[in-house]
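Reviewing the structure listed below.
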Amino acid sequence: MTRIGAYLRLMRPANIVTAIADIMMGYAASGALLSLAIWESGTFSVSEFSPLFWLILSTIGLYGGGVVFNDVFDADLDRVERPERPIPSGRATVGGASLLGGVLLAGGIVAAWQVSLLSALLALAVAVCALVYDWKGKHHPVLGPINMGSCRGGNLLLGMSAVPAAVEQFWYLALIPIVYIAAITMVSRGEVHGGNIQALKGAVLLYALVILAIISLALLPQFNVLYSIPFLLLFGYLIFPPLFKAMPTKEPRLVIKAVKAGVLALIVMNASLAAGFAGWEYGLLVLLLLPVSVYIARSFAVT
């Protein structure tokens with residue numbers, strides 16, 4: 001691996017694609033698509049999508065910076081448990097990674113500022129949550145998963161901030177990724193030494209809760225659950241089998257596969273929500289990020 005490749009690996013490119021799906025889903029929930037002239041006149045203008053583009057750039061910086069600092073704070077531990085990672089292997093340095101992470105986080109906040117002050121404040125909140133998790137949060141058995149989930153919830157709200165009023169109206173949608181990411185974080189703690197059966201069972205319950213929560217959005221006049229159902233079926237197919245397979249053995253190898261499946265399935269979860277708010281066509285557009293993420297995951301680690 002080249003030095004540039006090592007720093008790219010620190011950013012977890014495949015995971016960044018899942019963060020873009022968060023933004024696209026939040027953008028759909030904001031109702032921004034309904035106000036675009038393209039739907040009214042059939043014309044297309046790139047400038048109409050500028051808030052979405054800026055917010056995507058923002059999440060690339062925020063997520064990339066957050067996971068880079070994860071390896072910075074874990075450098076000593078990784079020398080024992082993950083010596084193949086870029087920093088302990090010597091292909092990247094703590095100083096270089098810290099500089100990269102700082103630039104990415106700052107860039108994410110600046111990009112969000114191009115949309116609105118609210119977007120910038122949300123980006124700042126996501127950056128702080130990420131740093132707190134990397135520093136101390138990950139070591140707390142209860143608050144750690146919630147802390148990690150809050151980063152994703154904040155990212156969804158960031159996408160929604162394209163229409164600031166939507167954040168106040170639909171803020172509770174952030175609870176869905178918070179619960180889902182909390183479940184993945186619980187499972188991921190068994191990547192090195194093997195899974196905890198209680199954590200794996202708890203993840204099954206939380207996954208089911210997420211699916212029920214999405215279906216319950218049918219109560220909203222803005223959400224068409226019929227468009228969401230096909231995506232939810234695919235979502236369940238992707239997340240449950242790897243988890244059930246890891247339960248009997250609790251082998252680290254199978255736990256890693258369950259975590260990887262959960263992370264990549266974030267795109268499908270977002271697609272199900274996006275379809276409900278903006279139609280199956282837009283949901284399919286979000287879903288197309290999945291093969292992109294899977295392809296990148298062949299070259300770069302997800303966990």
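The values are calculated or read from the model by the stated rules, or taken from the named source; none is laboratory data. Remember, predicted model here, so these are calculated numbers, not experimental data. Here Cβ is always computed from backbone atoms with ideal geometry, including for glycine, and neighbour counts include all displayed protein chains.
For the stretch 97-155: of the residues being touching a Ser or Thr at 6+ places or on another chain (Cβ under 7 Å) and outside any helix (DSSP H, G or I), which is nearest to Glu168 (Cα to Cα)?
Taking the candidates together, the pick is Ser116.
Among the residues of the stretch 261-269, is any in contact with a Phe, Trp or Tyr (Cβ under 6 Å, 6 or more places away or on another chain) and either part of a helix (DSSP H, G or I) or among the hydroxyl-bearing types (Ser, Thr, Tyr) (or both)?
Yes.
Checking Ser188 against (1) at pLDDT below 90; (2) of a type in the set (S, T, N, Q); (3) surrounded by fewer than 22 Cβ atoms within 10 Å (Cβ to Cβ), which single condition isn't satisfied?
Just one mismatch for Ser188, condition (3).
Can you tell me which condition Tyr227 does not meet? The list is (1) under 19 Å from the mean Cα position of the chain (by Cα); (2) farther than 22 Å from Ile178 by Cβ; (3) assigned to a helix (DSSP H, G or I); (4) not basic (Lys, Arg), and all the others hold.
(1)
Every residue in the stretch 70-94 that is buried (at least 24 other Cβ atoms within 10 Å of the Cβ) and either in a loop (DSSP other than H, G, I, E, B) or within 16 Å of the chain's Cα centre (by Cα) (or both), please.
The one that is buried (at least 24 other Cβ atoms within 10 Å of the Cβ) and either in a loop (DSSP other than H, G, I, E, B) or within 16 Å of the chain's Cα centre (by Cα) (or both): Ala92.
Kindly indicate whether any position in the stretch 239-260 is part of a helix (DSSP H, G or I), buried (at least 24 other Cβ atoms within 10 Å of the Cβ) and not hydrophobic (A, V, I, L, M, F, W, C).
Checking the stretch 239-260: not a single residue is part of a helix (DSSP H, G or I), buried (at least 24 other Cβ atoms within 10 Å of the Cβ) and not hydrophobic (A, V, I, L, M, F, W, C).
Of the residues Leu209, Leu226, Leu205, which is surrounded by fewer than 19 Cβ atoms within 10 Å (Cβ to Cβ) and at pLDDT below 95?
On the way: Leu209 fails: at pLDDT below 95; Leu226 fails: at pLDDT below 95.
Going through Leu209, Leu226, Leu205 in turn, just one is surrounded by fewer than 19 Cβ atoms within 10 Å (Cβ to Cβ) and at pLDDT below 95: Leu205.
Okay, residues lined up against (1) closer than 20 Å to Gln198 by Cβ; (2) surrounded by fewer than 24 Cβ atoms within 10 Å (Cβ to Cβ):
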site: Leu121; (1), (2): no, yes
site: Val126; (1), (2): no, no
site: Leu143; (1), (2): yes, yes
site: Ala162; (1), (2): no, no
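Residues to consider are Ala199, Ala271, Ala275, Ala183; find the one that is modelled with pLDDT under 95 and buried (at least 21 other Cβ atoms within 10 Å of the Cβ).
Unique residue meeting the criteria: Ala183.
Val67: in contact (Cβ under 8 Å) with a residue 12 or more places away in the chain, within 15 Å of Leu10 (Cβ to Cβ) and exposed (fewer than 15 other Cβ atoms within 10 Å of the Cβ), yes or no? Show your work before the answer.
Working: in contact (Cβ under 8 Å) with a residue 12 or more places away in the chain: yes; within 15 Å of Leu10 (Cβ to Cβ): yes; exposed (fewer than 15 other Cβ atoms within 10 Å of the Cβ): no.
Against the criterion (in contact (Cβ under 8 Å) with a residue 12 or more places away in the chain, within 15 Å of Leu10 (Cβ to Cβ) and exposed (fewer than 15 other Cβ atoms within 10 Å of the Cβ)), Val67 does not qualify.
Given (1) at pLDDT 90 or above; (2) on the phi > 0 side of the Ramachandran plot, where does Lys250 come up short, assuming only one miss?
Lys250 satisfies every listed condition except (1).
Quickly run through the stretch 268-303 and pick out the residues that are under 30 Å from Pro83 (Cα atoms) and among the aliphatic types (A, V, I, L, M).
Result: Leu290, Val292, Val294, Ile296, Ala297, Ala301, Val302.
For Ala106, indicate whether it is more than 23 Å from Ala166 (Cβ to Cβ), surrounded by fewer than 20 Cβ atoms within 10 Å (Cβ to Cβ) and modelled with pLDDT of 95 or more.
Working: more than 23 Å from Ala166 (Cβ to Cβ): yes; surrounded by fewer than 20 Cβ atoms within 10 Å (Cβ to Cβ): yes; modelled with pLDDT of 95 or more: yes.
Considered against the rule, which asks whether it is more than 23 Å from Ala166 (Cβ to Cβ), surrounded by fewer than 20 Cβ atoms within 10 Å (Cβ to Cβ) and modelled with pLDDT of 95 or more, Ala106 comes out as yes.
Is it true that Leu173 is in contact (Cβ under 8 Å) with a residue 24 or more places away in the chain and closer than 22 Å to Tyr133 by Cα?
yes
Name the pairs: first residue in the stretch 112-137 and without any contact (Cβ under 8 Å) to a residue 40 or more places away in the chain and among the β-branched types (Val, Ile, Thr), second residue buried (at least 22 other Cβ atoms within 10 Å of the Cβ) and in a helix (DSSP H, G or I), Cβ to Cβ under 7 Å, at least 6 apart or on different chains?
Filtered contacts from the stretch 112-137: Val132/Asn147.
Please go through the stretch 219-249 and pick out each residue that is over 19 Å from Leu266 (Cα atoms) and without any contact (Cβ under 8 Å) to a residue 24 or more places away in the chain.
Once the filter is applied, which keeps residues that are over 19 Å from Leu266 (Cα atoms) and without any contact (Cβ under 8 Å) to a residue 24 or more places away in the chain, the stretch 219-249 yields Leu219, Leu220, Pro221, Leu226, Lys245, Pro248, Thr249.
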